[in-house]
Structure formats: structure tokens, C-alpha cells
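Data first, discussion second: the structure below is written as C-alpha cells.
The values are calculated or read from the model by the stated rules, or taken from the named source; none is laboratory data. Keep in mind it's a predicted model, so treat the numbers as computed, not measured. Positions of Cβ are backbone-derived with ideal geometry, glycine not excepted, and every protein chain shown enters the neighbour counts.
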Amino acid sequence: MTLVGWVNLFGAEKYRNIVLDALKFCQACKGLRIYAWVIMPSHIHMIADSKNGTLSKTIGEFKRHTSKHIFKTLQEEDEFDSSEFISFFSDISTLHSRNNDYQVWKQDNHPVELFSKEFIYNKIDYIHNNPVKSGLTSRVEDYPFSSARNYAGLTGILDVEIA
């Protein structure tokens, strides 16, 4: 899942926490099972499924909820100039007829079918190495906003089902 324009919003704790809280809610109340994840400054990678078989619905609800919360928080922001984000999210919404006043997330999610254990482990490695390749950390387990900590036997922010 990617923010429109690949804007770097999740570098700020306040906006990253909106995403984390929503993922925790989806795990507790919507049947979301997460196997691997990472929150990057402008996007999220995740391997997940749904206990109730409606992953696309859960992701859609997650994106709608976080969009509203992020946009509202930007409007209330007084710590940094959020007007650029508000203008950008408002302007980009005019490109899609399904949008109303703003668009925070890209509409597509790029789902990939995981067809073998080897492919799954390759995707988990890709997800966990994303912060290293981006220069955010030198070791995967040192990046706190990822399931790499869980896989390394450390305490992670989110509960994960180890693959």
C-alpha cells in the first residue's frame, strides 16, 4: 500500500502510529493475520490473510479509516506546515471519480499470490530488507517498524504469525 505521490508521511511518528493502531484493530476485530510487514516512510509492505476470507474488504476498510484519520490529523496539525500535504491530497483526488475531497492512498495495492514456501521466504526477506536497502538502518532487526524483530526472536510492535 502506497501513499499517493510516494509522499514521506510515515517518517513522522504521529502518522505512523495511525497506521499501527489501525493494523492492531484489524488484527483484533477484523480477522487480519499478518505474517510479515514493514512501514516505510511512504508505503507499507505486508504479507497477510484474513481469518474470515475477506482480506480485500479488510484492506479497503483499513485504507478508508486511515485516510480519514490522517487527513483530519493534518488539518489539526500545528507542529509543521501540513498545508502542502492537504493541498496535494485534495488536488490528487480530482484525478479519480471515486474520490470525494481528498486521496491519501493509491487505489491499487499490488497483491501477489504466494505460491510456494521459497517464494514466501523471498518476499519476507524483501520486506525485511527494505529499510536496509533504503538506508534507514544497517540491520533488519534494528528497524522497529517491521516484523524482522519478531523473526529475530525480539519483541515486535505488531503480533505476527511466523511463516
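Do we have Ile124 as of a type outside the set (Gly, Ala, Ser), touching a residue at least 24 places away in the same chain (Cβ under 8 Å), out of contact with any Gly (no Cβ under 9 Å at 6 or more places or on another chain) and surrounded by 13 or more Cβ atoms within 10 Å (Cβ to Cβ) here?
It is true that Ile124 is of a type outside the set (Gly, Ala, Ser), touching a residue at least 24 places away in the same chain (Cβ under 8 Å), out of contact with any Gly (no Cβ under 9 Å at 6 or more places or on another chain) and surrounded by 13 or more Cβ atoms within 10 Å (Cβ to Cβ).
Does His110 satisfy being on the phi > 0 side of the Ramachandran plot and either surrounded by 11 or more Cβ atoms within 10 Å (Cβ to Cβ) or in contact with a strand residue (DSSP E or B) (Cβ under 9 Å, 6 or more places away or on another chain) (or both)?
On the way: on the phi > 0 side of the Ramachandran plot: yes; either surrounded by 11 or more Cβ atoms within 10 Å (Cβ to Cβ) or in contact with a strand residue (DSSP E or B) (Cβ under 9 Å, 6 or more places away or on another chain) (or both): yes.
Taking the combined requirement at face value, the residue satisfies it.
Quick grid of which residues meet (1) of a type in the set (Ser, Thr, Tyr); (2) closer than 26 Å to Val140 by Cβ; (3) touching a residue at least 40 places away in the same chain (Cβ under 8 Å):
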{"position": "Trp6", "(1), (2), (3)": "no, yes, no"}
{"position": "Lys57", "(1), (2), (3)": "no, no, no"}
{"position": "Gly60", "(1), (2), (3)": "no, no, no"}
{"position": "Thr73", "(1), (2), (3)": "yes, no, yes"}
{"position": "Ile92", "(1), (2), (3)": "no, no, yes"}
{"position": "Val104", "(1), (2), (3)": "no, no, yes"}
{"position": "Ile120", "(1), (2), (3)": "no, yes, yes"}
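Go through the range 53-62 and give me each residue that's touching a helix residue (DSSP H, G or I) at 6+ places or on another chain (Cβ under 8 Å) and surrounded by fewer than 19 Cβ atoms within 10 Å (Cβ to Cβ).
Glu61, the sole residue that qualifies.
Filter the range 6-29 down to residues that are farther than 20 Å from Phe89 by Cα and among the charged types (D, E, K, R) and give me whichever is surrounded by the most Cβ atoms within 10 Å (Cβ to Cβ).
Lys24
Please give the number of the condition Ser138 fails out of (1) modelled with pLDDT of 95 or more; (2) surrounded by fewer than 15 Cβ atoms within 10 Å (Cβ to Cβ); (3) under 24 Å from Phe25 (Cα atoms).
(3)
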